[in-house]
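Notes follow the structure.
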Amino acid sequence: MTTREEYRHFLNDSFNGLRLRKPLFYSWDFGLSFDLQVGSTDTDEYFKEVSRRASTIFETAFAKLDKVFFVFMDYKYKRRKIRLGNFSFKQIDNLNSAEISYTKEKGLYEPDGDFDVAIIKLTADRMNYKNILTAIGNSDFATRQPRLDQNGVFTAKEVYFINIDKKLIFHMYDDRGLDIIATDKETIRPIYKKHNDWILDYDREQIDKQFDK
């Protein structure tokens, strides 16, 4: 079975065929939504805190040897393809091109919108997740580096970390926040407890109700 086939089977079997798209939190019954923002976006301290919070939550959700699908999605404006030399791939230790499976997603956000998708199966310890999360946090700010997208202020790239062992999906959408969903609420209960202060207030009532039952 190819990595692409494994990935499809995993989403079908564990998440009822869920299609990855944002906002991830509203796509599933059991989930968490976190606020990464503190202070003004015109300070270095703001971005350091965004990266710190995102990385800290990631470390709670992923053990070093957890098996992971790393999913990189790029909106297809033109006939460009995902390049092996893109920033995210460079953050994976000893990545071989044979490890990357490619597919497409059509109509995720609009009928004519196509995404090129790259899927890599690996263990969490091979990823420099801090650099990737930092780049996601910078992506809407043209003067900050590193960024996932070098072609303009608007980023058309999305990154999803799927924990195969824990049946959990982690998605940081930008500097504002990140979402986590899982097949079992008990999987995310420790994350909910440990990082409760960072829960997004807008979604807090809905999140709290999951764990009151």
Quiz item: Going toward the positive end of the dipole of the chain, with +1 on Lys and Arg Cβ and -1 on Asp and Glu Cβ, which of ASN86, HIS171, GLN206 do you reach last?
Solution: ASN86
Exercise. Check the straight Cα-Cα distances from LYS193 and name the aspartates and glutamates below 14 Å, setting aside those fewer than 8 residues away within the same chain.
Key: ASP208, ASP212
Quiz prompt | Qualifying chymotrypsin sites (Phe, Trp or Tyr not before Pro) for segment 1-102 [loop in DSSP, other Cβ within 10 Å: at most 16] | solution = TRP28, TYR77
Practice problem: Apply the Karplus parameterisation 6.51 cos²θ - 1.76 cosθ + 1.60, with θ equal to phi minus 60°, to every residue of segment 32-43 and state each ³J(HN,Hα) to the nearest whole Hz, in sequence, with x for glycine and proline. | Solution: 10, 10, 10, 9, 9, 8, 9, x, 8, 6, 9, 10
Quiz item: So which trypsin sites (Lys or Arg not before Pro) in segment 21-76 end up in coil per DSSP with only 13 or fewer other C-beta atoms within 10 Å?
Solution: LYS64
Self-check item: Relative contact order (%) - criterion: Cα under 8 Å, at least six apart; region: the chain
Solution: 30
Self-check item: Shape of segment 164-213, Cα gyration tensor, a/c cut at 1.5
Solution: oblate
Quiz item: For LYS121, which aspartates and glutamates qualify as cross-link partners when the Cα separation must be under 13 Å and same-chain residues fewer than eight apart are set aside?
Solution: GLU5, GLU6, ASP66, ASP93, GLU99, ASP165
Practice problem: Can you list which of the GluC sites (Glu not before Pro) found in segment 104-213 are DSSP loop residues with at most 15 other C-beta atoms within 10 Å? | Solution: none
Exercise. Under 1.5 on a/c is rounded, so check that first for segment 89-205, then, if it is not, pick prolate when a/b is larger than b/c and oblate when it is not; a ≥ b ≥ c are the square roots of the alpha carbon gyration tensor eigenvalues.
Key: rounded
Quiz item: Taking Rh as the Kirkwood radius, which is the inverse of the mean 1/r over Cα pairs, what is the Rg/Rh value for the chain?
Solution: 0.94
Self-check item: Pairs beyond 32 Å (Cα-Cα), from LYS81/LYS209; LYS167/LYS209; LYS106/LYS194; LYS104/LYS130; LYS81/LYS194; LYS106/LYS130
Solution: LYS81/LYS209; LYS106/LYS194; LYS81/LYS194
Exercise. Note down the accessible area of HIS9, probe 1.4 Å, to the nearest 10 Å².
Key: 90
Practice problem: Report the charge-dipole magnitude of segment 54-213 in Debye, nearest 20, computed about the Cα centre from +1 at each Lys and Arg Cβ and -1 at each Asp and Glu Cβ. | Solution: 560
Quiz item: Dipole size in debye (nearest 20) for segment 34-105 around its Cα centre, Lys and Arg Cβ +1, Asp and Glu Cβ -1?
Solution: 640
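The values are calculated or read from the model by the stated rules, or taken from the named source; none is laboratory data. Keep in mind it's a predicted model, so treat the numbers as computed, not measured. Using ideal geometry, Cβ is built from the backbone for each residue, glycine included, and neighbour counts are taken over all protein chains shown. To get the accessible areas, we keep the full protein, side chains included, count just its heavy atoms, and leave off ligands, DNA and RNA. Shrake-Rupley method; radii C 1.70, N 1.55, O 1.52, S 1.80 Å.
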